[in-house]
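Everything below concerns the one structure shown next.
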Amino acid sequence: MLRTALAHSALRPSMDARMDLPPDATDAQRAALWRGSKLELAKDQLVRVLEQLEDDACFNVMAFAGGVKAWRTKPARAAYRAAAIDFVRGLKTIQPPAPTAKRKEMKMGTLVQRSAAGLASRPGEEHQRDVFSALLVALGLFDAEPLEDDARPPADTVFLVVDGGPTAGEIREMKRVVEAVSEINESRGVVIHVVTFQESMQALYQGLAAATGGTFVLHGR
């Protein structure tokens, strides 16, 4: 049974931008990649993945920016894909607060605030990109501690869709993210595939995919 967690950076304002077309883009690529924002393209692709899930698959969807917003607290069977598709289609980016806006006070733990659906943003980082926390949630962790050795991770495959490097969270250097995730994943064998929108991200994320047996994909290529 495939157990899949689909995490993508759907809440960061940079996802409102359109993709940069490659110089040698074909007419088909131009028609496909220039029709909407990176968020809309990611949502379209995610809906297609959900529609094609095998009936015996279990899955979850997690959107992240400075925090993580999960569709469900635990994986659901493919029979619930319609509800997940509604969740995906309703995702919008989080806009940075105005300079004069008052931020709500948040009581944070030593690392991050736990929530039933994921990890909450730190104050002031709501519109940033916390890749490490997104991966922790996808791997079934809600703080810095790994699962017990005999515990089964909630997913065996993770698709990380992201449009830039980490800018928030406990770990913001991608090299350290890869090291931490690899250590956590040693006894779990979760495969992480990475999909991004620009060629410059290959240097950041190809190592994460390679370290977990996954693949790095440049969307539209």
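None of the figures in this text is laboratory data; all of them are computed from the coordinates on show. Every value quoted in this text rests on a predicted model; they were computed, and no experiment measured them. Don't worry about glycine lacking a Cβ; one is built from the backbone with ideal geometry, like all the others, and counts go over all protein chains shown.
Annotations for the structure displayed:
- Rounded FRET efficiency, nearest 0.05, which uses the C-beta distance separating Ala180 from Val47 and R0 of 25 Å: 0.20
- Simple label model, 7 Å out from Cα along Cβ direction - Thr167 to Ser37, nm: 1.4
- Sorting 178-189, 39-50, 159-170 by their mean Cβ neighbour count within 10 Å, with the most densely packed peptide first, gives 159-170, 39-50, 178-189.
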